[in-house]
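*Asks:* Let me give you the structure first, and then I'll get to my questions.
Every number in this text was worked out from the coordinates using simple rules, so none of it is lab data. Just so it is clear, the structure is predicted and the values come from calculations on it, not from any experiment. Cβ: placed from backbone, ideal geometry, glycine included. Neighbour counts: every protein chain shown.
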Amino acid sequence: MKTKLSGKFLTALIIFSLIGQVAWVVENMYFNVFIYKAFNASASDISLMVSASSIAAAVTTLIIGALSDKVGKRKIFICGGYIAWGISILSFALLRVDIISAIFPKAASAAAIGVSLTVILDCVMTFFGSSANDAAFNAWLTDSTDKTNRGAAEGINAMMPLVAILVVFGGFMAFDLDLPESWTAIFIIIGSVVILIGVLGIFLIDDPAVKVSENGKYFANIIYGFKPTVIKQNYVLYLCLAAFAIFGISIQIFMPYLILYYTEALKMSNYVLIMAPAVILASVATFFYGRLYDKFKFEKSVMPTIAMLVLGYILLFFFTHTAMVFIGSLFMMSGYLTGMAIFGAVIRDYTPPKKSGMFQGLRIVGQVLIPGIIGPWIAALVLKNAEKVTNDDGTQSFIPNRNVFLAALIAAVVCAAFLILVFHFMKREKEKLKLLENTQQNAAEIGSTKMVND
């Protein structure tokens with residue numbers, strides 16, 4: 001029987017997931033634009049920032065996820081984390097060439113310092129964001145749902161990145177991103193909203209009734225998910241995480257450069273108006289697709305997401321006409337977000353009960369760390385000889401090209417091939433569990449018969 005999700009839970013889920021994703025969209029999609037426009041960053045600079053942030057996210061989620069399990073609370077980490085997260089976003093308002101030049105008047109290059117400070121502050125911001133969202137919020141979501149409603153909840157959670165993209169795209173239309181003043185206003189607005197949501201969570205979020213604290217030493221809990229015995233006991237979970245990592249690599253090859261590709265390579269000044277309908281349609285598809293997981297489960301619902309992703313890549317690689325870019329973006333975004341929903345749900349299903357905090361760090365290793373390190377550097381290699389333009393100040397900037405979609409396509413095909421192997425082991429595990437259930441049932445029947453005879 002399906003467990004009904006309460007209105008208060010759904011309100012907290014929507015608000016915290018949406019605002020958290022707004023902050024992540026600004027970081028994952030617009031920090032690259034910010035560092036590119038403000039400090040003329042290279043592809044290697046962008047790859048370094050994404051990789052450093054990915055490492056910070058993984059380490060933070062491992063530490064804070066295990067700590068929230070040990071403490072037995074999620075709410076304090078979510079609310080306190082969101083408040084600190086917002087404050088760290090506000091600090092980016094100070095990252096401007098004029099301010100940096102005033103603080104470091106003897107510096108040879110304010111832009112170079114700006115790149116370094118952006119990477120450092122991005123890691124600091126990621127620490128608070130991952131504490132609140134990746135570790136505590138996701139563990140709270142796992143604890144607050146079960147196998148009867150997890151696909152529906154994950155469908156809402158997974159559509160929020162697209163809704164956040166729509167919100168951010170729409171909001172950014174009011175700003176000229178070539179002006180430092182625009183970025184200052186953006187960081188102040190986003191930071192203030194995240195702080196406000198953290199305060200609101202004090203009244204909205206309830207800690208799950210399940211007791212999540214675990215016996216044992218804290219540092220042992222941090223590495224719990226990496227123990228060989230744990231891997232052997234939950235090997236299907238690790239196979240799903242490996243497939244998720246390959247899926248994420250495909251996404252991270254193109255995602256850091258997506259907006260720059262639209263604006264710099266295709267010269268689409270109206271890319272927001274083109275992307276908005278694609279985002280809306282993909283959001284609707286993701287919302288309903290999560291329910292398909294509840295009905296058909298992982299094996300029958302994941303491959304169509306890969307197919308949509310691949311089709312999107314093909315269209316974006318071969319076509320530059322506005323209409324085809326829209327269609328390609330629609331399929332790419334739909335495949336991306338529905339894939340996130342399906343992988344998120346299956347990982348929650350295979351996460352051991354009462355240990356969700358300890359496994360959030362493991363999830364981030366597959367979802368963020370591995371893709372965040374490998375994907376952007378594949379893109380940097382692909383863009384190594386990309387066309388360059390000379391800026392008004394004499395510096396040069398690279399122009400992202402369509403080859404990032406070809407590289408992402410190859411990674412998606414590898415993911416599809418690996419999933420076939422995952423399906424084999426899932427089937428074997430189900431057969432093993434069914435055999436065990438039958439054995440226990442037979443033993444129980446024999447025991448009952450013996451009692452009657454006695």
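*Asks:* Once the Cα gyration tensor of the stretch 258-318 is diagonalised, what are the square roots of 5 times its eigenvalues, in whole Å and ordered largest first, as equivalent ellipsoid semi-axes?
*Replies:* Numbers: eigenvalues 166, 42, 9 Å².
With the √(5λ) rule applied to the stretch 258-318, the semi-axes are 29, 14, 7 Å.
*Asks:* Here is a follow-up. Need one number: nm distance between label points at Lys106 and Ser182, each 7 Å from Cα along Cα→Cβ, rounded to one decimal.
*Replies:* If labels sit at Lys106 and Ser182, their model points lie 3.6 nm apart.
*Asks:* By per-residue mean of other Cβ atoms within 10 Å, what is the highest-first order of 160-168, 11-19?
*Replies:* On the way: 160-168: 23.4, 11-19: 20.3.
The most tightly packed comes first, giving 160-168, 11-19.
*Asks:* Using each residue's phi in the stretch 400-415, evaluate 6.51 cos²θ - 1.76 cosθ + 1.60 at θ = phi - 60° and report the 3J(HN,Hα) Karplus result to the nearest Hz, with x for Gly and Pro.
*Replies:* Working through the residues one at a time gives x, 10, 5, 4, 5, 6, 5, 5, 5, 4, 4, 5, 5, 5, 4, 4 Hz.
*Asks:* Something else about it: If one takes the longest principal axis of the Cα atoms in the chain, at what angle in degrees, from 0 to 90 and to the nearest 10, does the Cα axis of helix 271-318 lie?
*Replies:* The answer is roughly 10 degrees.
*Asks:* Run through the stretch 98-164 and list the trypsin sites (Lys or Arg not before Pro) located in a DSSP loop whose Cβ has at most 16 other Cβ atoms within 10 Å.
*Replies:* Details: sites: Lys106, Lys147, Arg150; in loops: Lys106, Lys147.
When the trypsin sites (Lys or Arg not before Pro) of the stretch 98-164 are filtered for loop state and at most 16 Cβ neighbours within 10 Å, Lys106, Lys147 remain.
*Asks:* Ok, one more. Round to the nearest 10 and give me the degree value, 0 to 90, for the angle of helix 370-382's Cα axis relative to the longest principal axis of the chain.
*Replies:* Around 40 degrees separate the two axes.
*Asks:* Can you give me the distance in nm between label points at Ser91 and Val284, each placed 7 Å from the Cα along the Cα-to-Cβ direction?
*Replies:* Inter-label distance under the simple model: 4.2 nm.
*Asks:* Next question, about the same structure. Going by a ≥ b ≥ c, the root eigenvalues of the Cα gyration tensor, does the chain fall in the rounded group (a/c under 1.5), the prolate group (a/b larger than b/c) or the oblate group? Numbers along the way, then the final one.
*Replies:* Values: a/c = 2.04, a/b = 1.59, b/c = 1.28.
It comes out prolate by the Cα gyration axes.
*Asks:* For a quick check: with amide H placed at 1.01 Å from N, whose amide H comes under 5 Å from Ala41's, ignoring anything fewer than 5 positions away on the same chain?
*Replies:* Tyr36
*Asks:* Against the longest alpha carbon principal axis of the chain, how many degrees, from 0 to 90 and to the nearest 10, is the axis of helix 7-25 turned?
*Replies:* The helix 7-25 is inclined about 40 degrees to the chain.
*Asks:* Follow-up question, since we're still on this one. Tabulate in residue order the Karplus-calculated ³J(HN,Hα) for the stretch 258-268, using 6.51 cos²θ - 1.76 cosθ + 1.60 with θ = phi - 60°, rounded to whole Hz; enter x for Gly and Pro.
*Replies:* So the J values, rounded to whole Hz, are 4, 5, 5, 5, 4, 7, 8, 7, 8, 6, 8.
*Asks:* Compute and list, largest first, the equivalent-ellipsoid semi-axes of the stretch 66-142 from the alpha carbon gyration tensor, each √(5λ) rounded to a whole angstrom.
*Replies:* Working: eigenvalues 240, 21, 13 Å².
Working through the eigenvalues yields semi-axes of 35, 10, 8 Å.
*Asks:* Can you give me the distance in nm between label points at Ile99 and Leu10, each placed 7 Å from the Cα along the Cα-to-Cβ direction?
*Replies:* 4.1
*Asks:* Would you mind calculating the relative contact order of the chain from Cα pairs under 8 angstrom and at least 6 residues apart, reporting the percent as a whole number? Numbers along the way, then the final one.
*Replies:* Working: 678 pairs, mean separation 123.7, N = 454.
Reported relative contact order: 27 percent.
*Asks:* How big is the gap, in Å, between the Cα center of the stretch 177-202 and the Cα center of the stretch 1-60?
*Replies:* 14
*Asks:* Among Val365, Ala112, Gly225, which residue has its Cα positioned farthest towards the positive end of the charge dipole of the chain, with +1 placed on the Cβ of Lys and Arg, -1 on the Cβ of Asp and Glu, and the dipole taken about the Cα centre?
*Replies:* Of the candidates, Gly225 comes out farthest on the positive side.
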